[in-house]
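Just so you know, all these numbers are worked out from the coordinates, no wet-lab data involved. Only a predicted model underlies this, so the values are computations on that prediction, with no experimental measurement involved. Here the Cβ positions follow ideal geometry from the backbone for every residue, glycine too, while neighbour counts run over all protein chains shown.
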Amino acid sequence: MSDTPNPPEDPTAIWNRIADFWNDYIGEGNDFQQVLIMPTTDRLLDLKPGETVLDACCGNGNYARRLAASGAKVVAFDGASIFIDRAKSYVTDDAPPIEYHVIDATNEAQLTQSLGSEARFDAAVSSMALMDLAEIDPLLRVIRKLLKPNGRFVFSVSHPAFNSIETTLTSDLIQPGGKPKQIFGVKITRYATPAPYLNYGILHQPEPHWMFHRPIGALLGACFKAGFVVDAFEEPTFEMDAKGKNAFSWAKRPEIPPALVVRLRPTL
Ligand SMILES: C[S@@+](CC[C@H](N)C(=O)[O-])C[C@H]1O[C@@H](n2cnc3c(N)ncnc32)[C@H](O)[C@@H]1O
């Protein structure tokens, strides 16, 4: 059963329609991924060469490729088949191999059928995707089973408190000491109740996709229920970029983290 109300259509149908736009736009990673998400995730994952890692909801596979290039054995999947086709299009003769699957992460039977149920992964990762799933319990349960006893699962999500449902990006003029100064922030008008909403992950994407707001307590509560503990919790921010970026950029808001990166470990 879904932990948020169901959206009126299959969210992965939209992802298939916007996958080419996303792939063309982000390629091997946009600023958000390259500056905030990937380095933090690398550090928390702390992969050793030869370890086996699962990338859940891998999109065009940019992080899976980064993991494979670092010497890991990578299995990656996404629910949108067009994303997996695009991920496979990056394969070259000398690239380290990556095993790709199309799997609906909200479907426990499909996850288990494709990935098995024995503890075979040293680590798992899911970058900026759990907030795009109508239901996260099935994926958490399956990853819990697939991880070796000392394994870790690192995920990132849009920050539920600062970058989620009904976040308004603000620009205000203040006059400290009588000197005009423009400040950029966020205004939050909704947080406590899980709910689906339509959102543009990238400005100008052809159509919005479904996202599923979960307050931090609900998000981590699902992780605890699946048999994980949290052992790292980071809120990366951009350095202030006062000149180069537009008013909607998170680089204008260096005090506000747009994402959460969490490391889970299986309970003993
Ligand atoms: C914001 S993108 C992130 C992709 C990638 N991890 C990255 O960091 O670029 C969210 C991804 O979740 C995938 N997704 C959404 N719903 C899914 C589902 N039910 N099963 C599997 N993947 C899903 C989308 O197709 C998309 O690739």
Restricted to the range 119-167, and to residues that are among the acidic types (Asp, Glu) and within 19 Å of residue 11 (Cα to Cα), which residue is nearest to the ligand (Cβ to nearest atom)?
132
Mind telling me which of the residues 158, 164, 126 ends up being closer than 25 Å to residue 41 by Cβ, in contact with a helix residue (DSSP H, G or I) (Cβ under 7 Å, 6 or more places away or on another chain) and of a type outside the set (Phe, Trp, Tyr)?
158
State which residue is farthest from the chain's Cα centre (by Cα) when the search covers only the range 168-200 and only residues that are more than 16 Å from the ligand (Cβ to nearest atom), hydroxyl-bearing (Ser, Thr, Tyr) and in a strand (DSSP E or B).
171
Looking only at the range 226-256, and only at residues there that are among the aliphatic types (A, V, I, L, M) and part of a loop (DSSP other than H, G, I, E, B), the one that is surrounded by the most Cβ atoms within 10 Å (Cβ to Cβ)
226
Please return the ranges of helices (runs of 4 or more DSSP H) entirely within the range 1-83 where 3 or more residues are polar (S, T, N, Q).
11-26
Determine whether the range 193-201 contains at least one residue that is surrounded by fewer than 17 Cβ atoms within 10 Å (Cβ to Cβ) and over 19 Å from residue 164 (Cα atoms).
no
So in the range 31-88, with the set limited to residues that are within 19 Å of residue 153 (Cα to Cα) and among the acidic types (Asp, Glu), which one is nearest to the ligand (Cβ to nearest atom)?
78
If we keep only residues of the range 201-225 that are in a loop (DSSP other than H, G, I, E, B) and more than 11 Å from the ligand (Cβ to nearest atom), then the residue nearest to the chain's Cα centre (by Cα) is 214
Subset of the range 39-74 that is over 18 Å from the mean Cα position of the chain (by Cα) and small (Gly, Ala, Ser) - its residue that is surrounded by the fewest Cβ atoms within 10 Å (Cβ to Cβ)
50
Quick check on the range 85-105. Is at least one of its residues polar (S, T, N, Q), surrounded by 15 or more Cβ atoms within 10 Å (Cβ to Cβ) and under 22 Å from residue 19 (Cβ atoms)?
no
Output the qualifying pairs, or none if there are none: Cβ atoms under 7 angstrom, residues six or more apart or on different chains, first residue in the range 219-234 and under 13 Å from residue 155 (Cβ atoms), second residue part of a loop (DSSP other than H, G, I, E, B).
219/160; 222/3; 222/136; 228/267
Answer with yes or no whether residue 156 is surrounded by 22 or more Cβ atoms within 10 Å (Cβ to Cβ), touching a His at 6+ places or on another chain (Cβ under 9 Å) and touching a residue at least 40 places away in the same chain (Cβ under 8 Å).
no
Just checking, which of 242, 247, 251, 232 is touching an Asp or Glu at 6+ places or on another chain (Cβ under 8 Å) and small (Gly, Ala, Ser)?
251
